[in-house]
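Here's the structure we're looking at; comments come further down.
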Amino acid sequence: MTMKSSNPKQNPTRRNLLIGGAAAAGGLAAALVPGTAGAAQAAASSHAPKHHGAHVASWISAKDGTQLYYKDWGSGRPVVFCHGWPLSSDSWESQMLLVASHGYRAVAHDRRGHGRSSQPWNGNEMDTYADDLSTVFDTLDLKDAVLVGFSTGGGEVARYLGRHGTRRVSKVVLVSAVPPLMLKTPANPAGLPIEAFDQLRAAQLANRSQFYRDVPSGPFYGFNRAGAKPSQGLIDAWWAQGMQGGHKNTYDSIKAFSETDFTEDLKRIDVPTLIVHGDDDQVVPIDAAGRASAKLIRNSKLIVYPGAPHGLTETHKEQFNQDLLAFIQS
């Protein structure tokens with residue numbers, strides 16, 4: 001059903017000193033290629049894991065030894081957040097504070113190669129991302145969770161559910177998410193051509209720092225639209241989080257978010273699912289993403305934000321937070 005919104009391990013010590021931010025992030029499309037205050041490290045979790053992987057302070061060891069940084073705020077039913085490319089769990093801070101303040105346990109990790117987590121050479125693809133997320137769930141013994149994914153994080157959520165099922169998850173939220181498939185193929189004619197993603201890779205190799213300024217300055221938040229009022233704070237925070245990630249990791253992730261087909265994963269989702277997408281998303285266009293996903297997921301509800309860009313968790317924060325909390329509480 002569709003509704004219109006009413007309102008539009010590596011070295012942990014060294015890496016913790018790198019600048020972070022608080023902005024939404026996600027997968028990119030061709031439109032993103034143009035012609036700092038740091039976030040405080042979250043306190044060590046008060047929730048001691050009951051079993052599985054090694055855990056020290058705010059890091060969890062993945063199966064291959066990769067150290068995954070995570071935040072664990074509050075107590076109660078868990079709400080688990082998966083961030084977008086190329087940033088970190090800092091991009092969910094507003095929503096984590098919201099749900100933790102309403103009696104829920106907010107959990108989010110930095111995906112391998114992103115934020116404060118290790119920067120391994122290998123494993124920068126969706127199957128490993130999903131298995132890392134499973135390690136987080138198992139280590140912290142998270143149950144009856146609401147699982148929330150933004151953009152690339154939405155792909156991570158879909159692949160996790162496809163590989164590991166919904167045993168620990170009772171609800172799902174996909175926001176500006178990349179599934180079912182971004183790449184144009186004979187079976188997906190509405191997707192973007194491979195050349196679009198080749199341009200992203202070329203831009204990252206040419207000057208990653210500049211690329212990570214141009215992305216949030218333009219289509220990501222809709223700041224390229226007539227009458228838009230760009231926020232330098234959002235732009236700077238996006239850049240800071242992106243530059244904290246590993247060069248190869250974020251480069252490899254472009255292939256992960258653009259070429260992974262999540263169709264079968266979406267069909268396996270058997271819990272209530274909220275899909276939120278803006279109809280002016282220039283990064284992950286709604287027709288091939290949010291609307292297509294809503295047709296594949298049973299018991300899903302699509303909320304469309306008129307005029308909203310890709311980074312709606314920031315530009316439409318008040319409305320999104322309201323919709324998110326209402327869905328969690330329903």
Out of all the residues in region 246-283, which are β-branched (Val, Ile, Thr), outside any helix (DSSP H, G or I) and touching a Phe, Trp or Tyr at 6+ places or on another chain (Cβ under 9 Å)? 276, 283
Scan 157, 107, 172, 136 and give me the residue that is in contact with a Gly (Cβ under 6 Å, 6 or more places away or on another chain), buried (at least 19 other Cβ atoms within 10 Å of the Cβ) and not polar (S, T, N, Q). 157
Give me the pairs: first residue in region 98-110 and in a helix (DSSP H, G or I), second residue of a type outside the set (S, T, N, Q), beta-carbon distance under 6 Å, and six or more apart or on different chains, which are they? 99/79; 99/106; 100/73; 100/74; 100/106
Matching residues, region 259-276, being within 16 Å of residue 192 (Cβ to Cβ) and under 16 Å from the mean Cα position of the chain (by Cα): 260, 262
Among the residues in region 245-257, are any in contact with a Leu (Cβ under 7 Å, 6 or more places away or on another chain), at pLDDT 95 or above, surrounded by fewer than 22 Cβ atoms within 10 Å (Cβ to Cβ) and of a type outside the set (Val, Ile, Thr)? no
Extreme residue, surrounded by the most Cβ atoms within 10 Å (Cβ to Cβ), among residues of region 52-72 that are at positive phi and modelled with pLDDT under 95: 52
Answer from 79, 148 - the residue that is more than 11 Å from the chain's Cα centre (by Cα), among the hydrophobic types (A, V, I, L, M, F, W, C) and in a strand (DSSP E or B): 79
Applying the selection to region 161-209, what residues are in contact with a strand residue (DSSP E or B) (Cβ under 8 Å, 6 or more places away or on another chain), closer than 21 Å to residue 277 by Cβ and outside any loop (DSSP other than H, G, I, E, B)? 161, 169, 171, 172, 173, 174, 175, 183, 192, 197
Taking region 242-269 and keeping only residues that are within 11 Å of residue 297 (Cα to Cα) and among the basic types (Lys, Arg), one is left with 267, 268
Under 27 Å from residue 226 (Cα atoms), crowded, with 18+ Cβ neighbours inside 10 Å and among the hydrophobic types (A, V, I, L, M, F, W, C): is that true of residue 328 in this structure? no
Go through region 121-164 and report how many residues are charged (D, E, K, R) and closer than 15 Å to residue 82 by Cα. 6
Tally, over region 284-313, of residues that are surrounded by fewer than 23 Cβ atoms within 10 Å (Cβ to Cβ) and assigned to a helix (DSSP H, G or I): 5
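The values are calculated or read from the model by the stated rules, or taken from the named source; none is laboratory data. Note that the structure is a prediction, hence the values are computed from the model and not measured. Virtual Cβ from ideal backbone geometry, glycine too; neighbours counted across all protein chains shown.
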